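What follows is a single structure, written as structure tokens, with notes after it.
The values are calculated or read from the model by the stated rules, or taken from the named source; none is laboratory data. Remember, it's a predicted structure, so these values are computed and weren't measured experimentally. Note that we place each Cβ from the backbone using ideal geometry, even for glycine, and neighbour counts take in every protein chain shown. What goes into the accessible areas is simple: the full protein's heavy atoms, side chains included, and nothing from ligands, DNA or RNA. Shrake-Rupley method; radii C 1.70, N 1.55, O 1.52, S 1.80 Å.
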Amino acid sequence: MVATSVKLEYDIKDIGLAPLGKQRIEWAGREMPVLKQVRERFSQEKPLAGIRLVACCHVTTETAHLAIALKSAGADAVLIASNPLSTQDDVAASLVVDYGIPVFAFKGEDTATYSRHVQIALDHRPQIIIDDGCDVVATLIQERQDQIKDLIGTTEETTTGIVRLQAMYRDGVLTFPAMNVNDADTKHFFDNRYGTGQSTLDGIIRATNILLAGKTIVVAGYGWCGKGTAMRARGMGANVVVTEIDPVRAIEAAMDGFRVLPMAEAATVGDIFITVTGNKHVIRAEHFAVMKDGAIVCNSGHFDIEIDLKALKSVTDEVKVVRNFTEEYRLSSGKSIIVIGEGRLVNLAAAEGHPSAVMDMSFANQALAAEYLVTHQGKLEPGIHSIPKEVDQEIARLKLQAMGIAIDTLTPAQMEYMNSWTSGT
Ligand code: ADE
């Protein structure tokens, strides 16, 4: 499977899938007008000329457009998967064949292969890392200290990755700038909320084909991803229960009209469980023990640690594949629990991830963050940096334009009022 030529190395499932991948990449492009404009400017200006870049992302049709934009900017880019189950093999093939981008990723790669791909990416001696979950950066710090001097900076896509970067900063090991793409308004308000909301249900439906109306769906975690998931599950007619550990978010969920319960109680009433907390063992032995027969569990958080599958396996007699990406665990108690996507991101394992229209803004942020790191090389302190407000606003403006939506502008009098404090009651 590993092919080596003078110029282009890759490790993908099947090069013959390229024509299908190209067709699907082009389809996704219709919904990605903002990234298209960024790419067109990059082609002219080449802001990343000669920069060695590693992108560790879910290898999807949307990521293909990011990779193409980075290459258009002149980057010497290598793409690896940020999850063993999320790669779209046809896209990986097309990126290699049609766009000349080295890809090391295939759907179903084991963790040893995943780690080998991270090492191959680091062998590229990246100056810029575009990370989704922080695995490349964490490996760089733990295993390739000597390469840190080559690094201009990193950008991070996801909440989980930002939490890891914050921990690195506290531990004093984040000695280079990291751009926080996740917290850009044009990222998390849309990608985390509407992207995760829609694609999580899409994954559950594709995997099981069950009716959601009338079911009790338990959403663990009420961050932006949880909010979107709960909102869309309600939209499908489900009775939604939210679990939280944060008191403010729990109030928010209650006032948004959801029933809020501790997991110990929610476990007894749920038909479908979706974890989106970013933390480990949110569903564990004591919860499996009280679940209904046939309860479905899945995860839409970044890592496969939210559902304690080891605990489930320890009380299981038999695991049977019942549909694609869907396994039935027959417990020794006689009850069954259904697990989708091996507890990995259900929206990417069993569906295609977030729709292109939201990834358009997320990846415009990623591309512009990479450019920002290069144009500000040597000027940024080590640590985590927000995406500049102007960049966020520009992405929003371009998206609105593409959506054909016009908005108002402040009059001079309004502008003056907003900048003054003297007029009151
Ligand atoms: N993360 C979630 N959905 C995604 C997608 N469609 N492409 C890349 N990364 C994603």
Taking only the alpha carbons of the stretch 367-407, the radius of gyration and the largest Cα-Cα distance, Dmax, both in angstrom, are 13.4, 40
Positive end of the charge dipole of the stretch 64-217 (Lys, Arg +1 and Asp, Glu -1 on Cβ, about the Cα centre): tell me which of A75, Q127, G197 has its Cα farthest that way. G197
Which whole-number percent is the relative contact order of the chain (Cα, under 8 Å, 6+ apart)? 16
Per-residue HN-Hα couplings for the stretch 300-311, Karplus 6.51 cos²θ - 1.76 cosθ + 1.60 at θ = phi - 60°, whole Hz, x for Gly and Pro? 10, x, 4, 9, 8, 10, 6, 9, 7, 5, 5, 5
Sum of side-chain charges, G228 neighbourhood, beta-carbon under 14 Å (Lys, Arg +1; Asp, Glu -1): +2
Considering only G378, G270, G228, give the residue with the highest GNM mean-square fluctuation for the chain, with springs between Cα atoms whenever their separation is below 10 Å. G378
Rg (one decimal) and Dmax (whole number) from the Cα set of the chain, in Å, equal 22.2, 74
Per residue, accessible area of the stretch 353-425 with a 1.4 Å probe, heavy atoms of protein chains only, in Å², comes to 64
Using a ≥ b ≥ c from the Cα gyration tensor of the stretch 3-156 (square roots of the eigenvalues), is it rounded, prolate or oblate, where a/c under 1.5 gives rounded and otherwise the larger of a/b and b/c decides, a/b for prolate? oblate
With charges only on Cβ, +1 for K and R and -1 for D and E, what is the dipole size of the chain about its Cα centre, in debye, rounded to 20? 380
Net length gained if the chain between H376 and L20 were fully extended (0.36 nm per residue, minus Cα distance): 124.3 nm
Excluding K320 itself, what net charge comes from residues whose Cβ is under 12 Å from its Cβ, given Lys and Arg +1 and Asp and Glu -1? -2
Formal net charge of residues neighbouring V241 (Cβ-Cβ distance under 12 Å; K, R +1; D, E -1): 0
Of all accessible heavy-atom area on the stretch 242-352, the percent that carbon and sulfur account for (1.4 Å): 52
Amide H contacts under 5 Å for V260, placed H, 5+ residues apart: V242
Whole-number D in µm² s⁻¹ for the stretch 278-425, Kirkwood Cα-pair radius fed into Stokes-Einstein, 37 °C, 0.692 mPa s: 162
Lys/Arg Cβ at +1, Asp/Glu Cβ at -1, dipole of the chain taken about the Cα centre: which of T411, G334, A105 is farthest positive-ward? G334
Run the accessible area of the stretch 6-128 with a 1.4 Å probe and give the carbon-and-sulfur part as a rounded percent. 52
